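What follows is a set of notes on a single structure, which appears directly below.
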Amino acid sequence: MDIAFREIDFEKDSKAVVHLINENLKSGFTGDILKWKHLYGAFGPSHNVIAVDGEKIVAVVFAMRYNYINGKGDLIKGIRTFDGCTDSNYRGKGIFKKLMRACVEKFSMDYQFLMANPNEASFAEHIKLGYVEPDFDYYYRFGIVNPFGTNYIGNIQDFKKTPPNKNIYNTELIYKGEQFITGNSLRFLNWRYQPENYNVKRLIIDKTETYISYRKIKKKGLNVLVLCDFYGNKKYLEDIVKTICKIEKTYLIYYLDNLMNKNLNLVFSRRDKRAVIVFKLNNFELPTNLMVSLGDLEGRL
């Protein structure tokens, strides 16, 4: 067995890579998901490495570019590894560990941190590999929005999505505040929230564009609004959330307790579970105002 490592040729390798992921990681992975996620990314194509035994692709890993940008345009370059797996007939030979190392080392000049949200089983392994937790503790929460005592904000429009390979939007900054948030552009929103189950709304407040992304779920038969991302002045967040809840006919929300929405004034709120987030820093100090959103942590990515 002579294993070699190289980058993916999307034109000729895509079918085999999709088959490998379907058989060994995610049964619902498709060619369209591969292209959306790793070829047409908002920050450029994902880094990637495959392991090949002759002509056979036996392992793959992607390192998605995932940048955070503040209101001044300062950029923090991150990457996140996704969709990594090994053919079941090639496991236990150290191939995937070599593959991961090859990917991270090959592109080490192109990122300031690696980011991951491991499950309980893999958390300890990430810590052994040098990952650290952020200073801010993130928790998922359920809340009940007060339907009264607010002037509902009008002029809410649907954000028009275009196909990821025809992303017409630019990288002009939306959010003007101090926090570093993901993407901070319409180009990012158009890419990240392509799937049909996501809603993105556009509002004009004080002559400034504001955007909110969310999806809807059922919990014990009740409608719940899942707040994914918000790009705008946080002083408007509460009224906007109330307005969206009115439109969607629910006052139950699920959100991540982060620097943007931690001060939401709700009738009731309780913790659900802790969000596990870890970073591996590449000669870089993680700023305290880098803000992870619920949208960053969803399984779709």
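Grab the beta carbon distance between Glu298 and Lys93, set R0 = 30 Å, and tell me the FRET efficiency rounded to 0.05.
FRET efficiency, Glu298 to Lys93: 0.40.
Treat every Asp and Glu Cβ in segment 145-255 as -1 and every Lys and Arg Cβ as +1, leave all other atoms uncharged, and give the resulting dipole magnitude about the Cα centre to the nearest 20 debye.
Numbers: 19 positive and 10 negative charges, 81 e Å.
The calculated dipole for segment 145-255 is roughly 400 debye.
If you take the alpha carbon radius of gyration of segment 64-107 and divide it by 2.2 N^0.38 Å, what ratio comes out, to two decimals? Before the final figure, lay out each step's value.
Values: Rg = 15.2 Å, N = 44, 2.2 N^0.38 = 9.3 Å.
Expressed relative to 2.2 N^0.38 Å, the Cα Rg reads 1.64.
Using a simple charge model, +1 on the beta-carbon of Lys and Arg, -1 on the beta-carbon of Asp and Glu, nothing else, what dipole does segment 1-62 show about its Cα centre, in debye to the nearest 20?
240
Using the Cα centre as the reference, give the magnitude of the dipole from point charges on the C-beta atoms of segment 85-163 (Lys, Arg: +1; Asp, Glu: -1; all else neutral), rounded to the nearest 20 debye. Mind showing how you got there, number by number?
On the way: 10 positive and 9 negative charges, 88 e Å.
The dipole of segment 85-163 has a size of about 420 debye.
With n ≥ 4 as the cut-off for DSSP H runs, can you work out [θ] at 222 nm for the chain, using -39500 (n - 2.57) per run divided by the number of residues, rounded to the nearest 500?
Value at 222 nm, helices only, nearest 500: -6000 deg cm²/dmol.
Which peptide among 287-294, 30-37, 59-66 comes first, and what is the full order, when sorted by highest mean count of other Cβ atoms within 10 Å?
59-66, 287-294, 30-37
The list [x] 0.96; [y] 0.98; [z] 1.13 gives values of Rg/Rh (Cα atoms, Kirkwood Rh), and only one came from this structure; which label was calculated from it?
Working out Rg/Rh (Cα atoms, Kirkwood Rh) from the coordinates points to [y].
Using only Cα atoms, tell me the angle between helix 237-248 and the longest principal axis of the chain; keep it within 0 to 90° and round to the nearest 10.
The angle comes out near 90 degrees.
For Glu105 and Leu129 in one chain, what is 0.36 nm times their gap in residues minus the Cα-Cα distance, to one decimal in nm?
Extra length from Glu105 to Leu129 when fully extended: 7.3 nm.
Treating the Cα atoms of segment 1-114 as identical point scatterers in vacuum, please give the log10 of the normalised Debye intensity I(q)/I(0) at q = 0.14 Å⁻¹, two decimals.
-0.57
Tilt of helix 95-106 relative to the longest C-alpha principal axis of the chain, in degrees (0 to 90, nearest 10)?
For helix 95-106, the angle is close to 70 degrees.
Which aspartates and glutamates have a Cα lying under 18 Å from the Cα of Lys161, excluding residues fewer than 8 positions away in the same chain?
Asp32, Glu172, Glu196, Glu209, Asp229
Using a Förster distance of 30 Å, how high is the FRET efficiency between Lys56 and Val276, based on the Cβ-Cβ distance and rounded to 0.05?
It comes out at approximately 0.30.
Amide H neighbours of Ser185 under 5 Å, at least 5 residues apart or on other chains, H built in the peptide plane: list them.
For Ser185, whose amide H was placed from the backbone, the distant partners under 5 Å are Ile174.
First select every other residue whose beta carbon is under 14 angstrom from the beta carbon of Tyr254; then total the charges, Lys and Arg +1, Asp and Glu -1.
On the way: positive: Arg141, Arg215, Lys216, Lys218, Lys219, Lys220, Arg270, Arg271, Lys273; negative: Asp229, Glu248, Asp257, Asp272, Glu298.
Every neighbour counted, the sum reads +4.
Is there a pair in Lys37/Lys106; Lys77/Lys160; Lys15/Lys97; Lys97/Lys128 whose C-alpha atoms are over 18 Å apart, and which pairs would that be?
Lys37/Lys106; Lys77/Lys160; Lys15/Lys97
Just to confirm, what accessible area per residue do you get for the chain at 1.4 Å probe, in whole Å²?
Per residue, the chain has an accessible area of 51 Å².
Need one number: convex hull volume per residue for segment 65-181, Cα atoms only, in Å³. It would help to have the intermediate numbers written out before the result.
Values: hull volume 27.5 nm³, N = 117.
Output value, Cα hull per residue: 235 Å³.
For Thr208 and Asn146, what is the calculated FRET efficiency with R₀ set at 22 Å and r taken between the beta-carbons, to the nearest 0.05? Can you show the working numbers first?
Numbers: r = 25 Å, r/R0 = 1.13.
After rounding to 0.05, the efficiency reads 0.35.
When you count, for each residue, the other Cβ atoms within 10 Å and take the mean per peptide, how do 16-23, 185-192 rank with the highest first?
185-192, 16-23
Ile156 to Lys262: extension gain in nm, 0.36 nm per residue of separation minus the Cα-Cα distance?
Separation in residues times 0.36 nm, less the Cα-Cα distance, equals 35.8 nm.
The values are calculated or read from the model by the stated rules, or taken from the named source; none is laboratory data. For clarity, every value in this text was computed on a predicted model and none was experimentally measured. Note that each Cβ is placed from the backbone with ideal geometry, even for glycine, and that neighbours are counted across all protein chains shown. All accessible areas refer to the heavy atoms of the entire protein, side chains included, with ligands and DNA or RNA removed. Shrake-Rupley method; radii C 1.70, N 1.55, O 1.52, S 1.80 Å.
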